[in-house]
Amino acid sequence: MDKQQRIKEWQEKTAQSMNRFPERKERFHTSSDIEVERLYGTEDEHYPMESLGLPGEYPYTRGSQSTMYRARFWTMRQYAGFGSAEETNKRFRYLLDQGQTGLSVAFDLPTQIGYDSDHSMSRGEVGKVGVAIDSIEDMEALLKDIPLDKVSTSMTINAPASVLLAMYIAVAEKQGVAPEKLSGTIQNDILKEYIARGTYIFPPKPSMRLITDIFGYCQEFVPKWNTISISGYHIREAGANAAQELAFTIANGLAYVDAAIEAGLHIDDFAPRLAFFFNAHNQFFEEVAKFRAARRMWAKLMKEHYGAKNPKSWQLRFHTQTGGSTLTAQQPDNNIVRVTTQALSAVLGGTQSLHTNSRDEALALPTEDSARIALRTQQILAHETGVADTVDPLAGSYYVEHLTDELERKANEYIEKINQMGGAVAAVEQGYMQREIHHTSYETQKKIESGQEIIVGMNKFSIENEPQPELLRVDPTLGEKQKEKLQALKAKRDQNRVSAQLESLRAAAKGDDNLMPIIVECVKSYCTIGEICGVLREEFGEYTGV
Amino acid sequence: MKKTIRVLIAKPGLDGHDRGALVVSQALRDYGMEVIYTGLRQTPEQIAAAAVQEDVDAIGLSCLSGAHNELFPEVMRLLHEKGADDIIVVGGGVIPWEDIPFLESKGIQKVFTPGTPTIETAKFIEQAVYKRDGITEEVFSGVAPERIDHIGIAVKSLDEALPFYVNVLGLTLEAIEEVPSQKVKVAFIKIGETRLELLEALTAESPVAQFIEKRGQGVHHVALGVTNIQDRIDEMKANGIKMIHDAAVPGAGGASVAFMHPSSTHKVLFELCEKTKSKEEAK
């Protein structure tokens, strides 16, 4: 199609969609009253239409929607959770009151690894890095008075994602909200757990089955749910560089697509519900370029390699969190500045939602003050800087476009290597990504220690006798209280029903029926997460690392 | 190193963040230690058992999940139960400052918080193990040299070499003098706080002539500025360092000097050099 024609059609289409999703303002302008246009660059006769496309159009380099933040800001979604379900519910309601627009649940490690709070492996961990959930009772307390048909909820849960999603569906049902009205995301990305994050339970094969079961189930019953959040975040935190983060995330994404196709699903039925999750680190322009390259790479792969027809299958939509490992324990207030530039790179890269870290996260869980400053940081970017007033403002920068191309090239080299190994699952089993990441991480450490890489306040510009900031403490008696709560539940529930459900789960696990419906029945019968995962552990075995 | 130190790096609890544990493991290996890494999700029982079975000198516990106050003391209790109290235990991770005194009271020797250079961890473990084993000779008790007084460079001819230093590098020639005790003629060239000392042999028996004959022209020695040179010579000898001069001899510029034998200094010829204070400095 002729370039002018394409631009004209885009304008018409955009005008139409604005009838449904109007922009935030009638007119955008700078402080000097310069008009701010929706889009710049297309007036250039050399505009690189093929590599950049137009916003909301293939290959989505310039963004996944045509008006981007002129219509609606990114979702401000702060990851939170600690202690008991009741306490976390309070923090959630506080954050919603403060103008946060989506929830993001952090679970404690026993929950993430499928142990009940009274399991011996749970010692010391209950309620520490997130909220403790043993049964649907806890989930009800967590979501109390939160309208699940209005709020979208992201749950950082992977190996037992089916169980937590089942609980969410069941609680919504009790609130009178039908599954098709629910919107949110489960992380459900097991491959990066093996690579970088460590909360795996089962070996790769049954884990991939659990994932594709969720794809199939949600497609039918929970159509607005993002069934997976393919995560580069933790890969980056484990020490990868930007190109590795991009490459390994996309390679993992391809593995899920392949698994779903092998399980008999059609690409356009599940691909629109795949979501991504990236990190935002300090190298500002490289980060912006990474987000743009990711969209373009995914679009090309889905359209050209997998032959997806639905444009929604081509679109890489992503959440971003600022880089936890870039935060210093020294002079923690400096972290606010790091978070600000990182968040800005995510916004200029076109993120759909954003978590900004709190300044004190290298020291402990964030205090309420720190969590508020982190949210305010996003609000300042959104409301005061004007960076959201035009679409993809860095496009056409020689430097940013070069970085975008180079990251795509480097990432494709890695992906090619991974393909030759037999794909991401095989590469993970051989420890390939783990080794590459460790190598980069150790090199970084050496550069920091030699002073070749400067971390302000840590290896340069440090101060003696730093004041010790206030820190958040989780109630140390929580583990015991949670155990008591669990004992009480076990005493009052219908034990026969529990045993029967667990036995049907066992039978289903041996076969190849979709496990989701039976897991929903299990949680409704007050089976605990430890019991459900326990049965699956017995049937599937456990992953023990490379 | 006196002995190869064996270290167990362990991840207690359910925490999956092992970037730090892996980096520290490799850094300790690069330092010359033998390191065993447990992998993720180790119970305190598994860690204590592995430490005893592997006969390690030290354990490094890494935890970023906040479970340290329960898991670290439990490891200590189990080590005690197994009679392995002599194992040195250190910790690291996201550990709030206010928890450190508690952990130390439970026998954790040191908690390394984020941003600690790995070399600091390695040195701490090394010193703690040496102290436990009564290896003390590594411990320095003397007075360290204060500066590089000068760097000695052997040249065939001062006349040929000087134009490079003065005309090309643009440095200032301070003085030329003969030093009979070393059978050399030297030129001092000032550079910042220190000097280059060009050395030309006066006779074939001069050590500098022998040096050039064997190894050609080039860097000859490094002079360390000290005070109370005779005490320093005695300290060196007490530490087993072979001295070329057991007592100070007169050097250039009115200094008292003594050379250390390169066989005891990893092949570098060091000169201890004490300068009497100049009038200006004395004021």
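The values are calculated or read from the model by the stated rules, or taken from the named source; none is laboratory data. Just so it is clear, the structure is predicted and the values come from calculations on it, not from any experiment. Because the Cβ atoms are built from the backbone with ideal geometry, glycine has one as well, and the counts that use them run over all protein chains shown.
Would you confirm whether any residue within segment B:66-77 is of a type in the set (S, T, N, Q), in contact with a strand residue (DSSP E or B) (Cβ under 6 Å, 6 or more places away or on another chain) and either buried (at least 18 other Cβ atoms within 10 Å of the Cβ) or under 27 Å from A:Gly324 (Cα atoms) (or both)? Scanning segment B:66-77, I find no residue that is of a type in the set (S, T, N, Q), in contact with a strand residue (DSSP E or B) (Cβ under 6 Å, 6 or more places away or on another chain) and either buried (at least 18 other Cβ atoms within 10 Å of the Cβ) or under 27 Å from A:Gly324 (Cα atoms) (or both), so the answer is no. With respect to the conditions (1) within 14 Å of another protein chain (Cβ to nearest Cβ); (2) in a loop (DSSP other than H, G, I, E, B); (3) buried (at least 24 other Cβ atoms within 10 Å of the Cβ), A:Ser370 falls short on a single one, namely (2).
Here is a yes/no grid of residues against (1) closer than 30 Å to B:Asp99 by Cα; (2) of a type in the set (S, T, N, Q); (3) surrounded by fewer than 18 Cβ atoms within 10 Å (Cβ to Cβ):
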{"position": "A:Leu478", "(1), (2), (3)": "yes, no, no"}
{"position": "A:Gln487", "(1), (2), (3)": "no, yes, yes"}
{"position": "A:Ser504", "(1), (2), (3)": "no, yes, yes"}
{"position": "A:Ala509", "(1), (2), (3)": "no, no, no"}
{"position": "A:Gly530", "(1), (2), (3)": "no, no, no"}
{"position": "A:Glu539", "(1), (2), (3)": "no, no, yes"}
{"position": "A:Gly545", "(1), (2), (3)": "no, no, yes"}
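Of a type in the set (Lys, Arg), touching a residue at least 24 places away in the same chain (Cβ under 8 Å) and in contact with an Asp or Glu (Cβ under 8 Å, 6 or more places away or on another chain): is that true of A:Lys192 in this structure? For A:Lys192, the condition - of a type in the set (Lys, Arg), touching a residue at least 24 places away in the same chain (Cβ under 8 Å) and in contact with an Asp or Glu (Cβ under 8 Å, 6 or more places away or on another chain) - is not met. Please work out if A:Phe221 is more than 14 Å from chain B (Cβ to nearest Cβ) and surrounded by 20 or more Cβ atoms within 10 Å (Cβ to Cβ). So A:Phe221 does not fit the description; no. Within segment A:182-221, count every residue that is in a helix (DSSP H, G or I) and of a type outside the set (A, V, I, L, M). So the answer is 18. Only residues that are away from chain B (no Cβ under 14 Å) and either in a loop (DSSP other than H, G, I, E, B) or surrounded by 23 or more Cβ atoms within 10 Å (Cβ to Cβ) (or both) were counted in segment A:137-157, giving 14. Tell me, please, whether a residue that is more than 30 Å from A:Val425 (Cβ to Cβ), within 14 Å of another protein chain (Cβ to nearest Cβ), in contact with a Phe, Trp or Tyr (Cβ under 6 Å, 6 or more places away or on another chain) and of a type outside the set (S, T, N, Q) can be found in segment A:478-488. No, there is no match, as no residue in segment A:478-488 is more than 30 Å from A:Val425 (Cβ to Cβ), within 14 Å of another protein chain (Cβ to nearest Cβ), in contact with a Phe, Trp or Tyr (Cβ under 6 Å, 6 or more places away or on another chain) and of a type outside the set (S, T, N, Q). Across segment A:147-166, the number of residues qualifying as at pLDDT below 95 and of a type outside the set (Ser, Thr, Tyr) comes to 5.
The condition (being without any contact (Cβ under 8 Å) to a residue 40 or more places away in the chain, in the same structural domain as B:Glu274 (by TED's automatic domain parsing) and within 16 Å of B:Gly251 (Cβ to Cβ)) is satisfied by just one residue among B:Glu178, B:Glu205: B:Glu178.
Any residue at all in segment B:181-191 that is crowded, with 19+ Cβ neighbours inside 10 Å, at pLDDT below 90 and assigned to a strand (DSSP E or B)? Within segment B:181-191, not a single residue is crowded, with 19+ Cβ neighbours inside 10 Å, at pLDDT below 90 and assigned to a strand (DSSP E or B). The C-beta contact set for segment B:39-57 (first residue within 14 Å of another protein chain (Cβ to nearest Cβ), second residue surrounded by fewer than 23 Cβ atoms within 10 Å (Cβ to Cβ) and of a type in the set (Asp, Glu), distance under 6 angstrom, 6+ apart or interchain) comprises B:Pro44/B:Glu74. For segment B:98-135, residues that are more than 18 Å from B:His68 (Cα to Cα), of a type in the set (Asp, Glu) and touching a strand residue (DSSP E or B) at 6+ places or on another chain (Cβ under 8 Å) total 1. Identification of helices (runs of 4 or more DSSP H) wholly contained in segment B:64-134 with 2 or more residues that are β-branched (Val, Ile, Thr) and within 12 Å of another protein chain (Cβ to nearest Cβ) yields B:118-132.
Of the residues making up segment B:144-175, those that are touching a Phe, Trp or Tyr at 6+ places or on another chain (Cβ under 8 Å), in a strand (DSSP E or B) and free of Cβ contacts under 8 Å to residues at least 60 places away in the same chain are B:Leu173, B:Glu174. Residue pairs whose Cβ atoms lie under 7 Å apart, separated by 6 or more positions or on different chains, with the first residue in segment A:529-546 and at positive phi and the second crowded, with 18+ Cβ neighbours inside 10 Å, are A:Gly541/A:Phe202; A:Gly545/B:Leu40.
Residue-by-condition table, conditions (1) under 18 Å from the mean Cα position of the chain (by Cα); (2) more than 16 Å from A:Phe318 (Cα to Cα); (3) surrounded by fewer than 24 Cβ atoms within 10 Å (Cβ to Cβ):
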| residue | (1), (2), (3) |
| --- | --- |
| A:Pro206 | no, yes, yes |
| A:Arg209 | no, yes, yes |
| A:Tyr233 | yes, no, no |
| A:Gln244 | yes, yes, yes |
| A:Ile250 | yes, no, no |
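Checking each residue in segment B:12-34 for being of a type in the set (Gly, Ala, Ser) and either more than 9 Å from chain A (Cβ to nearest Cβ) or not in a loop (DSSP other than H, G, I, E, B) (or both) picks out B:Gly20, B:Ala21, B:Ser25, B:Ala27, B:Gly32. Where residues in segment A:105-130 are in contact with an Asp or Glu (Cβ under 7 Å, 6 or more places away or on another chain) and of a type in the set (Asp, Glu), which of them is nearest to the other protein chains (Cβ to nearest Cβ)? Looking at the filtered set, the residue picked out is A:Glu125. Just one of (1) exposed (fewer than 14 other Cβ atoms within 10 Å of the Cβ); (2) touching a residue at least 60 places away in the same chain (Cβ under 8 Å); (3) under 30 Å from A:Ala166 (Cα atoms) fails for A:Val520. It is (1). Which of the residues belonging to segment A:373-402 are buried (at least 22 other Cβ atoms within 10 Å of the Cβ) and within 30 Å of A:Glu125 (Cα to Cα)? The one that is buried (at least 22 other Cβ atoms within 10 Å of the Cβ) and within 30 Å of A:Glu125 (Cα to Cα): A:Ala374. State whether the residues of segment A:81-96 include one that is at the interface with chain B (Cβ under 10 Å from one of its Cβ atoms), at pLDDT below 90, under 23 Å from B:Glu70 (Cα atoms) and under 23 Å from the mean Cα position of the chain (by Cα). Yes: segment A:81-96 contains one or more residues that are at the interface with chain B (Cβ under 10 Å from one of its Cβ atoms), at pLDDT below 90, under 23 Å from B:Glu70 (Cα atoms) and under 23 Å from the mean Cα position of the chain (by Cα).
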